[in-house]
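Below is one structure; the comments refer to it alone.
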Amino acid sequence: MRLAVLASGRGSNLQAILDAIATGALEARVVGVFSDKPTAPALQRVPEPLRWSRKAKDYADRGAFGTELADAVAASQPDWVVCAGYMRILGDAFVQRFRGRILNIHPSLLPKYRGLHTHARALAASDAEHGASVHFVIPELDAGAVIAYAPVPVLTDDTAESLAARVLQVEHPLLLAVLQMTAAGRIDEQSGRAIVDGQPLFTPLRLEFATT
Ligand code: GAR
């Protein structure tokens with residue numbers, strides 16, 4: 001399974017993918033890491049020939065950046081595109097080009113808290129449970145079919161930072177679990193619905209992982 005990974009920042013989810021490949025836990029190859037932030041530490045996690053980055057603000061509009069990004073991703077001939085901490089909205093053209101083959105990991109229990117500041121919003125709402133979701137990417141932000149999610153408890157003394165750190169602990173095994181199913185050919189998207197083992201998912205898979 002050839003993976004193109006889009007990342008804007010630290011790249012711990014990318015590292016989890018690379019580690020799983022290195023140990024043989026995931027049968028895949030990262031064929032490119034693509035970023036809208038040339039200084040993103042995520043880029044440093046792969047050899048130079050696999051890195052692509054451009055400053056989005058150097059482009060006239062979202063479409064122009066999206067087209068160049070899509071061309072670069074397509075040139076790497078990926079089977080799947082994985083957004084792992086990619087913080088820029090993918091334009092319609094990009095999504096249509098890879099539709100049904102783009103996954104995103106998002107730090108909330110979707111459909112709650114699409115967009116930014118998910119941890120602070122879960123705290124503000126006094127949620128007892130928070131977590132992360134892996135979903136198909138569609139043009140509408142964080143609105144595609146959810147394949148699987150992993151919950152974490154919200155503790156009384158949590159800050160947005162402590163909660164984010166706990167969520168990150170489940171993000172890595174959650175993303176890996178979905179990618180293992182993807183590599184095994186078990187994941188698909190049809191008519192906007194996630195398909196697992198040939199069956200439409202009416203409820204996303206709930207995967208539980210221990211946190212400290
Ligand atoms: C992760 O928490 C990921 O879920 C989130 O950014 C972080 C990236 O961490 N993604 C989004 O908020 C996407 N809207 P990482 O760079 O260490 O993988």
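The values are calculated or read from the model by the stated rules, or taken from the named source; none is laboratory data. Since this is a predicted model, take the numbers as computed values, not measurements. Quick reminder, even Gly has a Cβ in these numbers, built from the backbone with ideal geometry, and neighbours come from all protein chains shown. In case anyone asks, the SASA skips ligands and DNA or RNA and just uses the protein heavy atoms, side chains included. Shrake-Rupley method; radii C 1.70, N 1.55, O 1.52, S 1.80 Å.
General observations
- Spatial extent of the range 1-78: Rg and Dmax, with the Cα atoms as the point set, Å: 12.8, 42
- Sorting the segments 57-65, 36-44, 128-136, 7-15 by their mean number of nearby beta carbons within 10 angstrom, highest to lowest, gives 128-136, 7-15, 36-44, 57-65.
- 0 to 90° range, to nearest 10: angle between helix 62-75 axis and the chain longest Cα axis: 80
- Both the radius of gyration and Dmax for the chain are 16.4, 48 Å, in that order, over alpha-carbon atoms.
- Straight-distance crosslink candidates among aspartates and glutamates, where the alpha carbon sits under 19 Å from Lys37 and sequence neighbours closer than 8 are dropped: Glu48, Asp58, Asp61, Glu68, Asp71
- Residues of type aspartates and glutamates that Lys112 reaches as a straight line, Cα spacing below 15 Å, ignoring anything fewer than 8 places off in the same chain: Asp127, Glu129, Glu140, Asp142
- Here the accessible area is traced with a 1.4 Å probe on the protein chains. For the chain, carbon and sulfur cover 52 percent of it.
- In plain terms, the chain from Thr156 to Arg10 could stretch by 49.8 nm, reckoned as 0.36 nm per residue minus the Cα-Cα distance.
- Projecting the Cα atoms of Pro153, Val178, Ile102 onto the charge dipole of the chain, computed from C-beta unit charges around the Cα centre, puts Ile102 farthest toward the positive end.
- Dipole in debye (nearest 20) - the chain, about Cα centre, beta carbon charges: Lys, Arg +1; Asp, Glu -1: 380
- Isotropic mean projected area of the C-alpha convex hull, the range 51-154 (nm²): 7.1
- Peptides ranked, highest mean first, by Cβ atoms within 10 Å: ranges 94-104, 170-180: 170-180, 94-104
- For the range 154-212, the list of trypsin sites (Lys or Arg not before Pro) that fall in a loop by DSSP and count at most 14 other C-beta atoms within 10 angstrom reads Arg186.
- Mean residue ellipticity, 222 nm, helices only, the chain: the sum of -39500 (n - 2.57) across DSSP H runs of n ≥ 4, divided by residue count and rounded to 500, is -9500 deg cm²/dmol.
- Computed from Cα positions, the angle between helix 160-183 and the longest principal axis of the chain comes to roughly 60 degrees.
- Test item: Cα-centred dipole of the range 153-202, Lys/Arg +1 and Asp/Glu -1 on Cβ, debye: 200
- Evaluated at q = 0.15, 0.20, 0.25, 0.31 Å⁻¹: base-10 log I(q)/I(0), Debye formula over Cα of the range 77-133: -0.52, -0.79, -1.02, -1.30
- Three principal axis lengths of the range 103-212 [C-alpha, angstrom, descending]: 43, 28, 18
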